[in-house]
1. Restricting attention to segment 49-71, which residues are surrounded by fewer than 12 Cβ atoms within 10 Å (Cβ to Cβ) and either hydrophobic (A, V, I, L, M, F, W, C) or in contact (Cβ under 8 Å) with a residue 12 or more places away in the chain (or both)?
2. Could you give every pair whose Cβ atoms fall below 8 Å, whose first residue belongs to segment 338-362 and is outside the structural domain of G316 (by TED's automatic domain parsing), and whose second residue is hydrophobic (A, V, I, L, M, F, W, C), counting only separations of at least 6 or pairs across chains?
3. In segment 205-225, which residue that is within 20 Å of L299 (Cβ to Cβ) and in contact with a Ser or Thr (Cβ under 9 Å, 6 or more places away or on another chain) is modelled with the highest pLDDT?
4. Conditions: (1) among the β-branched types (V, I, T); (2) touching a helix residue (DSSP H, G or I) at 6+ places or on another chain (Cβ under 6 Å); (3) within 21 Å of N270 (Cα to Cα). V131 meets all but one. Number of the miss?
5. Yes or no: C313 closer than 28 Å to V339 by Cα, in contact (Cβ under 8 Å) with a residue 24 or more places away in the chain and either assigned to a helix (DSSP H, G or I) or touching a helix residue (DSSP H, G or I) at 6+ places or on another chain (Cβ under 7 Å) (or both)?
6. Filter segment 316-331 for residues that are part of a loop (DSSP other than H, G, I, E, B) and touching a helix residue (DSSP H, G or I) at 6+ places or on another chain (Cβ under 6 Å); which is nearest to V377 (Cα to Cα)?
7. Any residue that is more than 23 Å from L179 (Cβ to Cβ) and loosely packed, with under 12 Cβ neighbours inside 10 Å - is there at least one of those in segment 31-48?
8. Under 7 Å between Cβ atoms, which residue pairs at least 6 apart in sequence (or on different chains) link something in segment 251-273 that is assigned to a loop (DSSP other than H, G, I, E, B) with a partner that is basic (K, R)?
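The values are calculated or read from the model by the stated rules, or taken from the named source; none is laboratory data. These figures come from a predicted structure and were not determined experimentally. Glycine gets a Cβ as well: all are built from the backbone with ideal geometry, and neighbour counts include every protein chain shown.
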Amino acid sequence: MNFFYLEARKNILRRYTIIALILFLCLNTVKIITDYKSGEIKPVAANTSGMQAGYNEIYEKVKGEITEKTVSFVTSEYQRLDKLTADGTYSRKPQEGTYSGYIFGDYYLFHSYFYPYMEYSVKYSSEMEKVLTQAEENLKFYQENKNKAETTKNAYILDHYNGRSISEFYLYDGWESLLSYDFSDLLILLLLVLAVAPAFTCEKENGMILILSSCKRGRWPMLFSKCGSAVIFSWLITALFALFNLLVFGLLCGFEGWNSPLYAIESYRNTPFSGSVLMFYVLICGAKAIGFSVTVLLLIFLSACFKKSMYPCLAGMGLCIILNYCSGWALSSVWWKQVLACISPFTLTNGNLLLERLLGVSFGGIYVLQIFIVLIVQMVMAYLLIMAIRRKLCCKWK
């Protein structure tokens with residue numbers, strides 16, 4: 001335990017790392033607030049104050065449990081405003097008795113926000129029944145034709161997509177943006193490079209590597225303490241940024257809808273994940289932590305290969321850029337691109353894309369989701385990197 005503490009104090013928790021962490025948290029906050037004000041997170045936030053007031057008034061009336069009353073209200077108001085604006089003869093002047101101050105403003109609010117999302121929520125159950133019916137027909141067809149891959153896929157759909165429904169209405173702009181927000185991932189990566197890349201090069205530059213390698217307790221304990229402290233550091237800053245993002249997004253957009261099923265967000269209508277929105281956020285943050293854990297092991301390996309601290313930093317950034325590019329092939333239909341995506345630890349930082357729709361392969365009659373395949377590959381990569389670090393260093397100590 002002392003080795004872990006000493007390594008953390010000596011190599012990771014340096015003054016410049018702490019300063020960089022504070023600055024990055026501030027920068028991350030500024031980025032989220034800027035995106036919010038520009039309408040990238042919540043489009044109505046970039047509109048006029050009258051439109052925002054109208055949006056809030058309507059939302060207060062319809063949010064929560066979906067009832068016949070709320071559905072009727074949204075539908076009737078949308079149809080009424082659609083008729084008023086259809087021929088273009090409506091008044092362009094401010095109107096009393098409207099939500100936003102203008103007739104067309106009200107129509108815009110219902111047309112762009114409330115009616116389509118209410119329609120999606122109400123019709124989701126029946127639409128999913130059609131998917132299940134089609135999957136059942138496909139299952140019989142592929143069983144007759146002895147296509148095991150498609151048989152297991154359609155059996156998975158019947159097992160995991162059954163009984164889905166949306167009972168509450170919320171607008172999930174904030175949650176959807178939070179799940180896909182990745183600017184903080186870049187900041188985490190920069191922190192890891194700054195803190196972890198000099199892990200062994202600092203020892204070499206100071207001459208400590210020879211002293212430690214000559215000590216009975218300076219070999220394996222040093223290796224595991226460096227790797228362990230770096231991995232724990234990656235977990236902690238991933239968790240810190242995850243909580244920080246959740247707090248800032250929640251304060252700006254609200255925390256409502258956290259307990260709704262993930263498929264209540266329209267872009268996740270075909271997700272294989274049946275848990276809540278908040279559970280999914282925790283899941284993808286955990287996947288990011290694993291991805292960054294493999295990344296720090298890669299940085300430590302590079303540190304073991306060089307004598308100057310600048311080289312593993314530059315090599316690490318270059319390699320991370322390449323691996324991040326490869327992670328974009330996770331949804332590709334080309335097999336070698338999928339293999340490279342599985343090897344890249346940054347594929348796990350895009351866990352929301354891997355679970356946005358059904359992605360997986362059939363193994364021996366079992367349908368395995370792609371994210372599990374990536375996790376297994378990354379576990380193997382972590383083991384290989386630890387062995388490579390050991391071989392690079394420990395062989396010199398014999």
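1. Answer for segment 49-71, where residues must be surrounded by fewer than 12 Cβ atoms within 10 Å (Cβ to Cβ) and either hydrophobic (A, V, I, L, M, F, W, C) or in contact (Cβ under 8 Å) with a residue 12 or more places away in the chain (or both): just E65.
2. none
3. Taking the candidates together, the pick is M222.
4. (2)
5. Details: closer than 28 Å to V339 by Cα: yes; in contact (Cβ under 8 Å) with a residue 24 or more places away in the chain: yes; either assigned to a helix (DSSP H, G or I) or touching a helix residue (DSSP H, G or I) at 6+ places or on another chain (Cβ under 7 Å) (or both): yes.
For C313, the condition - closer than 28 Å to V339 by Cα, in contact (Cβ under 8 Å) with a residue 24 or more places away in the chain and either assigned to a helix (DSSP H, G or I) or touching a helix residue (DSSP H, G or I) at 6+ places or on another chain (Cβ under 7 Å) (or both) - is met.
6. Among residues in segment 316-331 that are part of a loop (DSSP other than H, G, I, E, B) and touching a helix residue (DSSP H, G or I) at 6+ places or on another chain (Cβ under 6 Å), the one nearest to V377 (Cα to Cα) is A330.
7. No, because not a single residue in segment 31-48 is more than 23 Å from L179 (Cβ to Cβ) and loosely packed, with under 12 Cβ neighbours inside 10 Å.
8. E256/K63; N270/R357; T271/R357
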